[in-house]
Amino acid sequence: MNSEIVLGTEGLNRSFGALRVTQNVSFQLPRGARHALIGPNGAGKSTFINLLTGVLAPSSGTIRLYGADITRLPAEQRVRRGLVRTFQVNTLFPHLTPLEATVLAIAQRHGLCVNPFKRLSACTAEIDEAHELLDQFEFGEDGARPTRELPYGRQRLLEIVLALAAQPKVLLLDEPAAGVPQHESAEIFAALRALPAEISVLFIEHDMDVVFRFAERITVLVAGQILCEGTPEEIADHAEVREVYLGDGEDV
């Protein structure tokens with residue numbers, strides 16, 4: 001893994017009134033990372049992702065992308081700089097096909113204004129790129145089906161395709177396999193393993209089997225604070241992680 005830090009925070013805090021949901025979080029994501037963020041419900045994981053991507057503004061602290069301070073940068077400008085995310089809840093257009101949705105995402109990246117309810121046949125370069133991207137994820141005939149007709153696992157996979165259409169340098173995944181049957185979630189993480197090595201990935205996931213198979217490093221968040229960080233082996237052997245998150249004596 002490259003030691004270059006592509007995304008980092010320093011003393012990041014976020015409060016909602018008297019409730020502190022992010023507390024003095026200092027975090028670094030190296031280039032090419034495959035990094036998991038885990039913790040119990042209410043630990044502040046999604047809030048942290050929202051802070052990184054500009055959905056929420058921090059109460060204090062700093063966020064840097066490739067060394068540049070992006071703490072107050074709007075979310076869309078962070079995307080243009082290569083910081084892209086998926087959401088925990090499906091955010092797709094159910095009536096569009098994967099091909100149409102991907103063409104629109106590529107056109108948006110190119111700064112084109114395309115009406116999704118009109119024919120996209122004029123966007124020949126974008127159509128070619130969309131086909132290539134969908135082929136990488138083996139959509140085949142599914143690319144021409146309305147998204148609402150796809151199995152849920154394929155819909156979640158499409159969200160990753162659309163994120164990749166933005167050509168991210170850093171990809172943040174908020175529970176990419178949430179609600180997906182186990183046999184379909186395996187397909188999602190197989191696709192993530194095939195991502196180019198230069199894309200840095202930070203993902204939230206509750207399935208510890210998935211985390212320990214896919215992540216190279218793991219950060220444990222508890223009550224808005226970093227409890228510990230390490231390799232999967234180090235986290236599995238960490239007594240406090242077992243007590244606070246995994247449950248005392250539970251195997252991992």
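The values are calculated or read from the model by the stated rules, or taken from the named source; none is laboratory data. Please read all numbers here as calculations on a predicted model, not as lab measurements. Cβ atoms come from the backbone with ideal geometry, glycine included; neighbour counts cover every protein chain shown.
All of (1) closer than 17 Å to residue 139 by Cα; (2) buried (at least 18 other Cβ atoms within 10 Å of the Cβ) hold for residue 151 with one exception: (2). Taken together, the residues in the stretch 49-91 that are closer than 20 Å to residue 208 by Cα and at pLDDT 95 or above amount to 1. In this structure, residue 9 does not satisfy being surrounded by fewer than 16 Cβ atoms within 10 Å (Cβ to Cβ) and either assigned to a strand (DSSP E or B) or touching a strand residue (DSSP E or B) at 6+ places or on another chain (Cβ under 8 Å) (or both).
The single condition from (1) more than 30 Å from residue 96 (Cα to Cα); (2) in contact with a helix residue (DSSP H, G or I) (Cβ under 8 Å, 6 or more places away or on another chain); (3) buried (at least 17 other Cβ atoms within 10 Å of the Cβ) that residue 213 fails is (3). Within the stretch 180-195, one or more residues are assigned to a helix (DSSP H, G or I), buried (at least 17 other Cβ atoms within 10 Å of the Cβ), aliphatic (A, V, I, L, M) and in contact with a strand residue (DSSP E or B) (Cβ under 8 Å, 6 or more places away or on another chain). Taking the stretch 208-227, which residues are over 15 Å from the mean Cα position of the chain (by Cα) and either more than 18 Å from residue 47 (Cα to Cα) or of a type in the set (Gly, Ala, Ser) (or both)? Answer for the stretch 208-227, where residues must be over 15 Å from the mean Cα position of the chain (by Cα) and either more than 18 Å from residue 47 (Cα to Cα) or of a type in the set (Gly, Ala, Ser) (or both): 208, 209, 212, 213, 216, 217, 223, 224. Only one residue in 140, 153, 179 is free of Cβ contacts under 8 Å to residues at least 24 places away in the same chain and small (Gly, Ala, Ser). Which one? Within the list 140, 153, 179, the selection yields 140.
Got at least one residue in the stretch 15-27 being aliphatic (A, V, I, L, M) and under 18 Å from residue 203 (Cβ atoms)? Within the stretch 15-27, one or more residues are aliphatic (A, V, I, L, M) and under 18 Å from residue 203 (Cβ atoms). Among the residues of the stretch 32-88, just one is of a type in the set (Asp, Glu) and either closer than 21 Å to residue 161 by Cα or in contact with a His (Cβ under 7 Å, 6 or more places away or on another chain) (or both), namely 76.
Out of the stretch 35-45, which residues are surrounded by 21 or more Cβ atoms within 10 Å (Cβ to Cβ) and of a type outside the set (A, V, I, L, M)? Working first, answer last.
Narrowing the stretch 35-45 to residues surrounded by 21 or more Cβ atoms within 10 Å (Cβ to Cβ): 35-39, 43-45.
35, 39, 44, 45 - these are the residues of the stretch 35-45 that are surrounded by 21 or more Cβ atoms within 10 Å (Cβ to Cβ) and of a type outside the set (A, V, I, L, M).
Checked against (1) farther than 19 Å from residue 7 by Cα; (2) crowded, with 18+ Cβ neighbours inside 10 Å; (3) not β-branched (Val, Ile, Thr), residue 239 passes all but condition (2).
Among residues that are of a type outside the set (Asp, Glu) and touching a residue at least 40 places away in the same chain (Cβ under 8 Å), residue 162 is included. The residue pairs whose first member lies in the stretch 46-72 and is crowded, with 17+ Cβ neighbours inside 10 Å, whose second member is outside any strand (DSSP E or B) and of a type in the set (Ser, Thr, Tyr), and whose beta carbons are closer than 8 Å, counting only pairs six or more residues apart or on different chains, are 56/47; 58/71; 61/71; 63/71.
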